[in-house]
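A quick write-up on the structure given underneath.
All of the numbers you see were taken from the coordinates with simple rules; none came from a lab. Just so it is clear, the structure is predicted and the values come from calculations on it, not from any experiment. Here Cβ is always computed from backbone atoms with ideal geometry, including for glycine, and neighbour counts include all displayed protein chains.
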């Protein structure tokens, strides 16, 4: 964060911008405001954005239960990686959260677990006395031990589970209020016709998308480091060595959105669930999570498109911003549309195969474009801080809405 702030200072030095072929605000290369009592600085703008992004993503990501004997550095790095994924591709985390939410509801309806117990099951929170995760539908439906496992999970006190959580409604509520306050400031600036930086627009997009994550994971324990032992001992799988789960990156990526197949993960040959595990792949759950990508992607891209007519330093940067914003709306939307089409006629295997092949082609071609667009929308807002309209440094006049402030 310190390096970013230093870079902001360097970017604020004088530079020459290509004139746009339309009327634009006079641009400033340093903090400029006539009334010092109603001004904000470049540092405060950047710091407010970074603080909001950190609060939104750090509190919103809820990792699964990690392998045993992890050091504090390993646990921190594990959560940091998930936070970086949430920054680069927040739709991915939304799909993962949706799978766990839908999976938890399915467990509540079919096995009479509480919502907290169901989420804890989805995140690999229950293990057998031999240390193997209890995390699949097959284990709960096992003719020998299934009923005993179900009863053991239902007997676990919800307070015991939440006691392991590093977050509560207060901490989540504070982060939510931070995001809402930032959103309110942006809306007030737009209403008073004050310039909003592209960095603030990007931050607003993160805040809006993270609302979906907060709602989906509201009952999921945060940053649990040790599982709860339940049920009878289970025999290990002799076909594989017991190790922490190490799946290929491609399977981990797609598993987070669509789920894992039975051949991808065997709980009796591991000591923890994969990082993006929920319950095993079921078409209705995976499809439901995939469909959610469309509105989330549309909202995320639409917020970036809100800066469509903003003042950019150069014409090239303006079109790069517009193109990237449209890309992150269109690509997830097409994939979700194909998912809906496949669900409408899921009994026709040939039709489903054709639609699946089309989705794979879109992913192969659109995936690199989407990643490039996301990286551009992360880097470009910082680059554009080198030249800003003077009204950027004018603070919101809250007395317009609340007298006597």
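Assorted remarks:
- Distance histogram in 5 Å bins (all Cα pairs of the stretch 93-181, percent per bin): 3, 12, 21, 23, 18, 11, 6, 4, 2, 1, 0
- Theoretical FRET efficiency, 1/(1+(r/R0)^6), r = Cβ-Cβ of residue 269 and residue 361, R0 45 Å, to 0.05: 0.85
- Over the stretch 79-220, Cα pairs under 8 Å with separation of 6+ residues give a relative contact order of 27 percent.
- Peptides 331-337, 397-403, 306-312 ranked from most to least packed give 331-337, 306-312, 397-403, packing being the mean of other C-beta atoms within 10 angstrom over each peptide's residues.
- Along each principal axis, taking the top coordinate minus the bottom one, the Cα set of the stretch 31-144 gives 77, 34, 22 Å in descending order.
- Over the stretch 84-138, Cα pairs under 8 Å with separation of 6+ residues give a relative contact order of 20 percent.
- Compared with the alpha-carbon gap, the fully stretched path from residue 215 to residue 309 is longer by 30.7 nm at 0.36 nm per residue.
- Ranked by how many other beta carbons lie within 10 Å on average, peptides 369-376, 85-92 from highest: 85-92, 369-376
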